[in-house]
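Q: Dropping the structure in here first, questions after.
The values are calculated or read from the model by the stated rules, or taken from the named source; none is laboratory data. As the structure is a computational prediction, the values presented were derived from the model and not from experiment. Counting neighbours? That spans all protein chains shown, and the Cβs are built from the backbone with ideal geometry, glycine included.
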Amino acid sequence: MGTCCDWLSSLLPLLSSLPSHPSLQPSNTALPELAAAWRAGFFAEIHYRFEHKLPAEDIDVTHRRVLDRLLAERSVGLDAWDDEVRQRLVSGWHDQKGWPDAAPALEKLRKKFFVVVLANGTTKLQLDIAKSSGLPFHMLFSSELLGFTKPDPEIYRKALRLMGVEPQNAMMVAAHAYDLRAAKTVGFKTAYIYRSTEDVDEDMQAVQNDVDVFLDGRNGTLECGLGALANLLDAEENDLSTR
């Protein structure tokens, strides 16, 4: 989510369809700001749990807790957005559409490579996102399934062991610098896809210095982001085959 899927454009129509509230008018920036704060709050929660060695929890539980806190801060009570409305919002994270470059790039990549999801969250979340987005992955590895949470190095090692792949022959592709920094310690090659919705507080120059490949995925064309990565890897493989 974020790297391959545009969660913001997927979530905003649902937010806009909910009962109106003075604090959350569709005509201003309140709804995008709520969505961005919700996403940031989720990351803060999973990093806090990891750093304090707390057990992982269902992503829907985390999303609901963060949502309740954000709505309380905006004086949106259960009388305005009740439990049913809030659960609809939480379920909205399971219904995502891909970035324009994602599907064609993955179709191209999967002809030569295993294309695998390795992400925090539940397997149910990943299945729902893969179904709603139509993105053609070979395999879905969730933190729930593997028993470890990013950025624990063991989640990357376990995925490699299950696939029978050496780290130097694997590339971690993400729009999240923390993910790539962790994967690199295990020996992965790393490719960063710069998305407008992700890593808003990161220094992009520092990110470029930390990864092997940095690609801009913000302009919405088929050739940006993952499309550029597919073209790059195809060119590199063709170059090696002609030597």
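Q: Here's a check for you: in segment 54-77, which residue that is touching a Lys or Arg at 6+ places or on another chain (Cβ under 8 Å) and part of a loop (DSSP other than H, G, I, E, B) is surrounded by the fewest Cβ atoms within 10 Å (Cβ to Cβ)?
A: Residue satisfying both the conditions and the ranking: Pro55.
Q: Here's something else I'd like to know. Looking at this structure, is Lys158 outside the structural domain of Gly217 (by TED's automatic domain parsing), crowded, with 16+ Cβ neighbours inside 10 Å and not hydrophobic (A, V, I, L, M, F, W, C)? Let's see the steps before the verdict.
A: Values: outside the structural domain of Gly217 (by TED's automatic domain parsing): no; crowded, with 16+ Cβ neighbours inside 10 Å: yes; not hydrophobic (A, V, I, L, M, F, W, C): yes.
Against the criterion (outside the structural domain of Gly217 (by TED's automatic domain parsing), crowded, with 16+ Cβ neighbours inside 10 Å and not hydrophobic (A, V, I, L, M, F, W, C)), Lys158 does not qualify.
Q: Still on this model: Need the failing condition index for Gly147 against (1) in contact with a Phe, Trp or Tyr (Cβ under 9 Å, 6 or more places away or on another chain); (2) on the phi > 0 side of the Ramachandran plot, just the number.
A: Among (1) in contact with a Phe, Trp or Tyr (Cβ under 9 Å, 6 or more places away or on another chain); (2) on the phi > 0 side of the Ramachandran plot, Gly147 violates only (1).
Q: Please enumerate the residues belonging to segment 197-217 that are of a type in the set (Gly, Ala, Ser) and buried (at least 16 other Cβ atoms within 10 Å of the Cβ).
A: Listed by number, the list holds a single entry, Gly217.
Q: If you don't mind, there's one more thing I want to ask. So which residues in segment 118-140 are among the hydrophobic types (A, V, I, L, M, F, W, C) and surrounded by fewer than 20 Cβ atoms within 10 Å (Cβ to Cβ)? I'd like the intermediate steps shown before the answer.
A: Of the residues in segment 118-140, the ones among the hydrophobic types (A, V, I, L, M, F, W, C) are 118-119, 125, 127, 129-130, 135, 137, 139-140.
Listed by number, the residues that qualify are Leu127, Ala130, Phe137, Met139, Leu140.
Q: For segment 28-43, state whether one or more residues are polar (S, T, N, Q) and over 24 Å from Asn219 (Cα atoms).
A: No - not one qualifying residue is present in segment 28-43.
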